[in-house]
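A quick write-up on the structure given underneath.
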Amino acid sequence: MKLAFNLMSLPGERVFGVGMFLREMCRDVEAELAARSATLDVFHHADCDAARLFGLAPSARVRLVPVAGMASRIRRVAWEQFSLPGRVRGADLLYSPNNVNPLRLPSGTRSIVTIHDLLPFDAGTRFGGLQQAYLRRFTIASARRAARVITVSQTSATDIQRLLDVPAGRIDVVRNVVQPPASIAPAGAGADRSFVIVASVHADKRIDLALRGFQRFAARHAGYRLEILGSDHGALADLQALTASLGLGEQVSFRGYVDDDAKWSALAACAGVLLFGRKEGFGIPVLEAMAVGKPSIVAPEGALPEVVGDAGIVVAPEDADAVAAALERLAVGPGIPAATIARRYAEFDGARQRRRFWDLLSAAAT
């Protein structure tokens, strides 16, 4: 069996949700390929270290194919649609972790795509007009042509069926999994005196609502901090101005994009995680919080209630008093029992999800 991965939508050295899913699914790639007598060709940007970022090290079964000169998004799309099909001739399956595959593939090559969410179909998202139009058109076409569509939550599966007109029988849920490092830097002074947001700094993450709720909480409970971990996607200046106007000063820090070690240290030392994204297809930071025994406060939208279960608090983020009350519950009690969080985290079993992922690929390829 010959498989191919299309990673052309994952340039650079930073790993976000799509890349995190791929990295976890490939954690045992050599064993999975050997069990299926399969080989894998990985097509990726030349500036993306696929071996280090995703665990796809070259071997007798894994061949890395870096593609140079793809700095332009338009050029990358053209290469993906018109050149990649010729490069995968002879492959039984081409998989893309990020919505889009070539619309025309060689005879005998089938397609699987993962669609994490349908943000391109939301008018209020971060995509520019041309990019959004492309993603909408090609997501629909790729999903309808695919042998299977993999997604990460039942919420997203329902959206894909409704908005993309893909039959439910061709949609499979493989949930995100996370695995914290074997050791995490110990927390210093002030452990459990912070709350953390892990998200890109964009309007659709509604960090402004978290700030307003935190202000009301901090007015009654001194010494707590709010840390925002994520790169700026256009909202940083406005949020910094809001922070100043709320009088939060040094109680709020915008740390930008941080590496995995810094992220896990912040999560392990916090009292809880906040995530108020409008239409999260999953909400990986909620699962990361569970992995280190921490609860979350989430919005009642998208897949967030589905993921958090009883390991956190669902609250309307527009209600600043309700957000403050949820923060108070986690800070001073009654919180979420550690056993409850551990039990919920155990439901996202990594070995089971990885096995399901590779079973889906191999079934479509044969």
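A few remarks follow.
- Test: residue in the stretch 60-69 that is within 30 Å of V198 (Cβ to Cβ) and either of a type in the set (G, A, S) or in a helix (DSSP H, G or I) (or both): no
- Test for D310: is it in the same structural domain as S156 (by TED's automatic domain parsing) and without any contact (Cβ under 8 Å) to a residue 40 or more places away in the chain: no
To keep it simple, each residue is scored yes or no on (1) touching a Leu at 6+ places or on another chain (Cβ under 7 Å); (2) modelled with pLDDT under 95; (3) surrounded by fewer than 18 Cβ atoms within 10 Å (Cβ to Cβ); (4) not polar (S, T, N, Q).
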| residue | (1), (2), (3), (4) |
| --- | --- |
| L3 | yes, no, no, yes |
| P11 | no, yes, yes, yes |
| R14 | no, yes, yes, yes |
| G17 | no, yes, no, yes |
| L22 | no, no, no, yes |
| V29 | yes, no, no, yes |
| A35 | no, no, yes, yes |
| A38 | yes, no, no, yes |
| H44 | yes, no, no, yes |
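- Residues within the stretch 36-59 that are assigned to a helix (DSSP H, G or I) and charged (D, E, K, R), tallied: 1
- For A316, the conditions (1) outside any helix (DSSP H, G or I); (2) touching a residue at least 24 places away in the same chain (Cβ under 8 Å) are fulfilled apart from (2).
- Some residue of the stretch 327-350 being under 15 Å from the mean Cα position of the chain (by Cα), among the charged types (D, E, K, R) and not in a helix (DSSP H, G or I): no
- The stretch 229-243, residues that are more than 18 Å from G272 (Cβ to Cβ), free of Cβ contacts under 8 Å to residues at least 60 places away in the same chain and either touching a strand residue (DSSP E or B) at 6+ places or on another chain (Cβ under 7 Å) or crowded, with 21+ Cβ neighbours inside 10 Å (or both): D232, A235, L236, L239, Q240, T243
- Yes/no for G256 being surrounded by fewer than 16 Cβ atoms within 10 Å (Cβ to Cβ), touching a residue at least 12 places away in the same chain (Cβ under 8 Å) and under 21 Å from the mean Cα position of the chain (by Cα): yes
- Each residue in the stretch 191-228 was checked for being free of Cβ contacts under 8 Å to residues at least 24 places away in the same chain and assigned to a strand (DSSP E or B), and 0 of them qualify.
- Reported count of residues in the stretch 262-305, each being part of a loop (DSSP other than H, G, I, E, B), in contact (Cβ under 8 Å) with a residue 40 or more places away in the chain and of a type outside the set (F, W, Y), is 14.
- A Cβ distance below 7 Å, combined with a sequence gap of six or more or placement on separate chains, defines the contacts here; from the stretch 111-133, residues that are farther than 20 Å from T151 by Cα reach residues that are modelled with pLDDT of 85 or more and among the acidic types (D, E) in the pairs G124/D204; R126/D204.
- Of all residues in the stretch 81-139, those that are part of a helix (DSSP H, G or I), modelled with pLDDT of 95 or more and polar (S, T, N, Q) total 3.
- Checking L33 against (1) part of a strand (DSSP E or B); (2) free of Cβ contacts under 8 Å to residues at least 40 places away in the same chain, the condition it does not meet: (1)
- Output for the stretch 40-88, where each listed residue is more than 25 Å from the chain's Cα centre (by Cα) and among the charged types (D, E, K, R): R61, R63, R75, R87
The values are calculated or read from the model by the stated rules, or taken from the named source; none is laboratory data. Computed from a predicted model, the values in this text were never measured in an experiment. Heads up, the Cβs are rebuilt from the backbone with ideal geometry, glycines too, and the neighbour counts pull from every protein chain shown.
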